[in-house]
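Report on one structure; see the data block that follows.
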């Protein structure tokens, strides 16, 4: 999850003015778009993102967004986010950008995560600053890429497990994420969950795969 943010920051180059409204993305099955109900979710989704990247939606389980709205939340078990990272003038331009992004993502799979590298520290700083403003602490102890889970000519998806340090102790999270070319747009879908065991990984992977299918982009594997 941390790598895809870094890749987007390095590669994002807008070429045309954005439309007033972002592309339409359906909610993942069983989730509801929640940033219109809890505006802070959109603000949080933009932390650390490159300039110009736009949030399409933040999607939570109905019971968990209800708890947020009523001030009774004890934390989220899973969430989904959709972004548009490129809106091109032509499909050919979108294809070129998507292919470059895919090549970079694949190269990143083979590179060990280094929390002390200057690039990683720069990318993490906005998240750490946000946590500190809230009186919290946040650090990243490690990140394990689990490789590709889905690939077609217009989709590349992967998964990762992150080990975080917080003021209450270490936690592990797993994520599934996809880069998608949909016509002239390049999208990013992410699913994050609290990691407990293999079932946590399978759950996030399945949510992402079904979400991609809902866009009419069925995975080849």
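Readers should treat all values here as calculations from the given coordinates under stated rules, not as data from a laboratory. Please read these numbers as outputs of a predicted model, since none were measured by experiment. Ideal geometry is used to build each Cβ from the backbone, glycine not excepted, and the neighbour counts take in all protein chains shown.
Points to keep in mind about this one:
- Working note: 222 nm ellipticity from helices only, DSSP H runs with n ≥ 4, each -39,500 (n - 2.57), summed and divided by the residues of the chain, gives -11000 deg cm²/dmol to the nearest 500.
- Additional length obtainable on full extension of the chain from residue 134 to residue 214, 0.36 nm per residue less Cα span: 25.2 nm
- Cβ-Cβ distance of residue 111 and residue 70, R₀ of 41 Å, FRET efficiency by 1/(1 + (r/R0)^6): the value works out to about 0.40.
- Separation of alpha-carbon centers, the range 107-131 and the range 184-199, rounded to whole Å: 18
- Whole-number percent relative contact order across the range 2-214, with pairs defined as alpha carbons under 8 Å at least 6 apart: 21
- Per residue, the Cα convex hull of the chain amounts to 123 Å³.
- Top of 107, 86, 54 by mean-square fluctuation, Gaussian network on the chain, Cα under 10 Å: 107
- Gain on full extension, evaluated as 0.36 nm per residue between residue 96 and residue 199 minus their Cα-Cα distance, stands at 33.5 nm.
- In terms of packing, defined here as the mean over residues of other Cβ atoms within 10 angstrom, the peptides 88-98, 116-126 line up highest first as 88-98, 116-126.
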